[in-house]
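**Q** I am attaching a structure below and will ask some questions about it afterwards.
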Amino acid sequence: MEREHNFIPERTKWKRQLYRIIFKSDTKLGKLFDILLLLLILISTFIVMMESVQIFDAKLHNLFVILEIIITAFFTIEYTLRIITLRNKKEYIFSFFGIIDFLAILPFYLSLFIPITKYFLIIRMLRMLRIFRILNLMDFMNDGYFIVRALKNSSRKIYIFLLFLMIFSVIIGSMMFMVEGHREGFESIPQSVYWAVVTVTTVGYGDVSPGTPLGKFLSVLLMLAGYSIIAVPTGIVTAEMRNKRQEIGKMCDRCGNGDIDDDSRFCKICGEKVV
């Protein structure tokens, strides 16, 4: 994921000043811009939620449309200015937040050609991801990258565990189908497997429950097994994270650079002080 402090502003003075306002938050105008952006994101999210409520949408539909036009126009101008103020435009356009910025305005323009707009609601909700940028949380997401790397390295063990869990659920579900004798909720093996999955994951919707003594006994065993089964992937990932942390050593908290010498005091990429 491209970090925004790696983007290079244009050489023109007004573009550099605009870049500082849009991408940075170390000036009054930059902070004001971030606050305005945050308010618009929250308003846009609120509008999307209220549009899904038929009572409010029927009464305030025109107001919602007007507000969405204004917000989309602001986001469109902002997206354009972000591209204009950068020299490495391609890096921004195809970066994570560049794509999010584009998706934030895409639903409105699609709705001009496609009348059915309710399917675009979820795309508009992606604007909430931009809060990470506004609050400068991306510089503190290294733990997230660390967890992703641990999950990736332990993926083979997790796949094997999930395969075992699927087979286990099918076997238990088939047994419950035979034990319960076509009772309600156990009319077929797929329905019984559904009950087994809900039970072994300790979700317990309560919509299906066994009635025979043997069925209840199997349920108890399955529920007890569910607690131990849940602990398995947690232990796998935790062990991988512990091993990975020992291998990595120093890491920059700002840009996530792990290529840091033992005697280095500053990151060679972003200049952040490392402990």
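**Q** Place the peptides 175-181, 62-68, 79-85 in order of packing, highest mean first, counting for every residue the other Cβ atoms within 10 Å and averaging per peptide. All intermediate terms of the calculation are to be shown ahead of the outcome.
**A** On the way: 175-181: 18.4, 62-68: 14.1, 79-85: 16.6.
In decreasing order of mean packing, 175-181, 62-68, 79-85 become 175-181, 79-85, 62-68.
**Q** Going down the table (15/89; 13/89; 28/90; 24/90; 31/268; 15/90), which pairs top 22 Å between alpha carbons? Working shown, then result.
**A** On the way: 15/89 13 Å; 13/89 17 Å; 28/90 28 Å; 24/90 19 Å; 31/268 28 Å; 15/90 17 Å.
Beyond 22 Å between Cα atoms: 28/90; 31/268.
**Q** Once the piece of chain linking residue 17 and residue 109 is laid out straight, how much longer is it, given 0.36 nm per residue of separation minus the C-alpha distance between them?
**A** Numbers: separation 92, 0.36 × 92 = 33.12 nm, distance 2.97 nm.
Extra length from residue 17 to residue 109 when fully extended: 30.1 nm.
**Q** I'd like to compare 152-160, 184-192: which one has the highest average count of other Cβ atoms within 10 Å, and what's the full order after that? If you can, show how the numbers build up before the last one.
**A** Numbers: 152-160: 13.7, 184-192: 16.0.
Highest to lowest by the protection proxy: 184-192, 152-160.
**Q** Give the residue from 114, 40, 84 lying farthest towards the positive end of the charge dipole for segment 23-122; charges sit on Cβ (+1 for Lys and Arg, -1 for Asp and Glu) and the dipole is referred to the Cα centre.
**A** Sorting the options by dipole projection puts first 84.
**Q** Any chance you could check the Cα centroid distance between segment 1-77 and segment 161-227 for me, in angstrom?
**A** Rounded to whole Å, the Cα centres lie 49 Å apart.
**Q** How many nm is it between the label spots at residue 188 and residue 53, if each spot is 7 Å from the Cα in line with the beta carbon?
**A** Those two pseudo-labels are separated by 3.9 nm.
**Q** Carbon and sulfur atoms: what percent of the 1.4 Å accessible area of segment 157-229 do they account for?
**A** That fraction is 73 percent.
**Q** I've got another one for you. By per-residue mean of other Cβ atoms within 10 Å, what is the highest-first order of 10-20, 35-45?
**A** Details: 10-20: 13.6, 35-45: 15.6.
The packing order, highest mean first, is 35-45, 10-20.
**Q** Kindly report the accessible area of segment 12-84 per residue (heavy atoms of protein chains, probe 1.4 Å, no ligands, DNA or RNA), in Å². Show your work: numbers first, answer last.
**A** On the way: 4530 Å² over 73 residues.
In whole numbers, segment 12-84 has 62 Å² accessible per residue.
**Q** In nm, to one decimal, how far is the modelled label at residue 42 from the one at residue 238, with both set 7 Å along Cα→Cβ?
**A** Result for the modelled spin labels: 3.7 nm.
The values are calculated or read from the model by the stated rules, or taken from the named source; none is laboratory data. In this text, all values refer to a predicted model and were calculated from it rather than measured experimentally. Methodologically, a virtual Cβ is constructed for each residue, glycine included, from the backbone with ideal geometry; neighbour enumeration extends over all protein chains shown. For accessibility, only protein heavy atoms count, side chains too; no ligands or nucleic acids. Shrake-Rupley method; radii C 1.70, N 1.55, O 1.52, S 1.80 Å.
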